[in-house]
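Colleague: Take a look at the following structure, please.
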Amino acid sequence: MVPSDMYFESVVQPEHEGWLLLKSLCARFTYHSEMDWADKLARGLVSINGEVANASTIAHKNDKVVYHVENYTEPEVPTNYDIVFEDDEFMLVAKPAGVPVHHTGRIFYNTFTSIVRRGTDYETATPMHRLDRDTGGLMLFAKYAESAARFQKNLDRILLRKFYMAVVRGSFPGEVDCQMPLREDPNDNIRLRMHHFEDGKPCHTFFRKLKEGVLSTGEAYSVVEAELLTGRKHQIRAHLSELGFPILGDRLYSFGGKYYEKMTDKVAEARAKGELSQEDALSEEDYAILGGRSHMLYAYKAEIQLPYWRESRTFSCEGFPEDMAKLV
């Protein structure tokens with residue numbers, strides 16, 4: 001349960017030395033307007049170095065700022081998870097789709113990292129890699145910050161191979177060794193989307209069709225295994241989209257991104273009204289066209305070689321979202 005009172009800490013950046021604290025807050029935390037921040041300062045909800053701040057408070061670099069949020073709420077996210085493997089230093093944890101690994105503009109308390117830390121009593125449990133919010137599956141966690149720091153730079157030596165299951169539109173060819181370079185397109189109105197450009201970052205995914213079927217709409221679909229050989233943003237989703245086989249339920253890479261834009265517009269409207277839910281942003285008809293309520297991509301298998309093991313081990317988990325499980 002999300003606590004009703006939350007305290008968010010930050011440190012004044014060097015470039016804000018000598019600024020009004022109000023100006024610094026507005027520049028860094030744009031989810032509140034200047035009027036909102038002024039009101040919060042007037043109500044004594046912001047402190048600096050342990051002292052209550054006001055509209056005339058001057059900020060200095062490295063000052064500790066604490067913002068008290070009353071009646072705090074967050075969008076609901078799934079908080080279940082399974083520990084597939086653990087030893088003294090690491091855990092392999094199955095993340096559900098729909099929960100972000102790290103904090104977002106609307107979710108601070110129920111990030112997946114925080115959920116695992118609270119649920120396991122490992123207060124510094126650290127994810128060694130990440131998954132998108134709507135992607136479920138296996139994640140390797142270091143139980144302690146010291147372990148994470150020791151192995152993070154050489155992650156490829158312990159996390160040897162990562163395999164995903166995806167359900168895509170169309171009849172996928174048997175095997176595809178995709179090495180399309182990807183980058184963002186500054187001319188795309190959805191700036192975070194990745195595209196195929198020859199001057200993009202090298203990306204390598206190996207795809208293998210596992211199954212083919214027909215949706216209730218009469219459209220063909222394929223179940224595809226994807227081995228991630230490099231780890232770029234949205235790599236599997238972008239590669240499949242560029243190949244002409246977008247993932248079912250993918251708002252960003254299907255139908256030109258129009259359902260992603262519709263969702264973000266609706267969420268922005270809800271935020272302005274003080275509402276939180278993302279679930280009502282799209283209609284049931286929209287989800288039916290997309291093919292699922294979240295994209296059908298799941299990190300289902302990982303090969304791991306910890307330094308104190310003689311041989312690598314492969315672990316798998318098939319906790320697919322319900323609509324994906326029916327097709328897989």
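Colleague: Find out how many positive minus negative residues lie around LEU45, taking Lys and Arg as positive, Asp and Glu as negative, among other residues whose Cβ is under 11 Å from that of LEU45.
Modeller: Within the 11 Å Cβ shell, the charges total -2.
Colleague: For the cross-link pairs LYS95/LYS301; LYS211/LYS326; LYS40/LYS266, which exceed 24 Å when the distance is taken from alpha carbon to alpha carbon?
Modeller: Beyond 24 Å between Cα atoms: LYS40/LYS266.
Colleague: Now a separate question. Can you find, among SER216, HIS239, ALA59, the residue farthest towards the positive end of the dipole of the chain? Put +1 on the C-beta of Lys and Arg, -1 on that of Asp and Glu.
Modeller: HIS239
Colleague: Now a separate question. Using a Förster distance of 22 Å, how high is the FRET efficiency between PHE85 and LEU229, based on the Cβ-Cβ distance and rounded to 0.05?
Modeller: E(calc), rounded to 0.05, equals 0.45.
Colleague: Okay, moving on. Apply the Karplus parameterisation 6.51 cos²θ - 1.76 cosθ + 1.60, with θ equal to phi minus 60°, to every residue of the stretch 239-254 and state each ³J(HN,Hα) to the nearest whole Hz, in sequence, with x for glycine and proline.
Modeller: For the stretch 239-254, the Karplus-derived couplings read 4, 5, 5, 5, 6, x, 10, x, 6, 4, x, 7, 5, 7, 10, 10 Hz, x marking Gly and Pro.
Colleague: Between LYS326 and SER4, what FRET efficiency follows from the Cβ-Cβ distance if R0 is 56 Å, with the result rounded to 0.05?
Modeller: My answer for the efficiency is 0.90.
Colleague: Taking amide H positions as placed 1.01 Å from N in the peptide plane, with prolines and chain starts having none, which residues 5 or more places from TYR221, or on another chain, fall under 5 Å of its amide H?
Modeller: Here GLY170, GLY213, VAL214, LEU215 satisfy the definition.
Colleague: Could you check the simple spin-label distance between GLU242 and LYS262, using points 7 Å along Cα→Cβ, in nm with one decimal?
Modeller: That separation, rounded to one decimal, is 2.8 nm.
Colleague: Find which of ALA149, GLY136, MET165 sits farthest along the positive direction of the dipole of the stretch 118-191, computed with +1 on the beta-carbon of Lys and Arg, -1 on that of Asp and Glu, about the Cα centre.
Modeller: Value: ALA149.
Colleague: Would you please give the residues with an amide H less than 5 Å from that of THR135, counting only those at least 5 places away or on a separate chain, with H modeled from the backbone geometry?
Modeller: GLY98
Colleague: To the nearest 0.05, how large is the calculated FRET efficiency for THR30 and GLU198 if R₀ is 25 Å and r is the Cβ-Cβ distance?
Modeller: Approximately 0.10, to the nearest 0.05.
Colleague: Select from the stretch 129-196 those trypsin sites (Lys or Arg not before Pro) which occupy a DSSP coil region and have at most 15 other Cβ atoms within 10 Å, ordered by residue number.
Modeller: Here the trypsin sites (Lys or Arg not before Pro) that fit, given the DSSP loop and packing criteria, are ARG191.
Colleague: Now for a separate question. What GluC sites (Glu not before Pro) in the stretch 185-253 are in a loop by DSSP, with at most 16 other Cβ atoms within 10 Å of the Cβ?
Modeller: In loop regions of the stretch 185-253 (DSSP not H, G, I, E or B), the sparsely surrounded GluC sites (Glu not before Pro) are GLU198, GLU219.
None of the figures in this text is laboratory data; all of them are computed from the coordinates on show. It should be emphasised that the depicted structure is a prediction, and the values quoted were computed from it without experimental measurement. Note: ideal-geometry Cβ built from the backbone for every residue, glycine included; neighbour counts use all protein chains shown.
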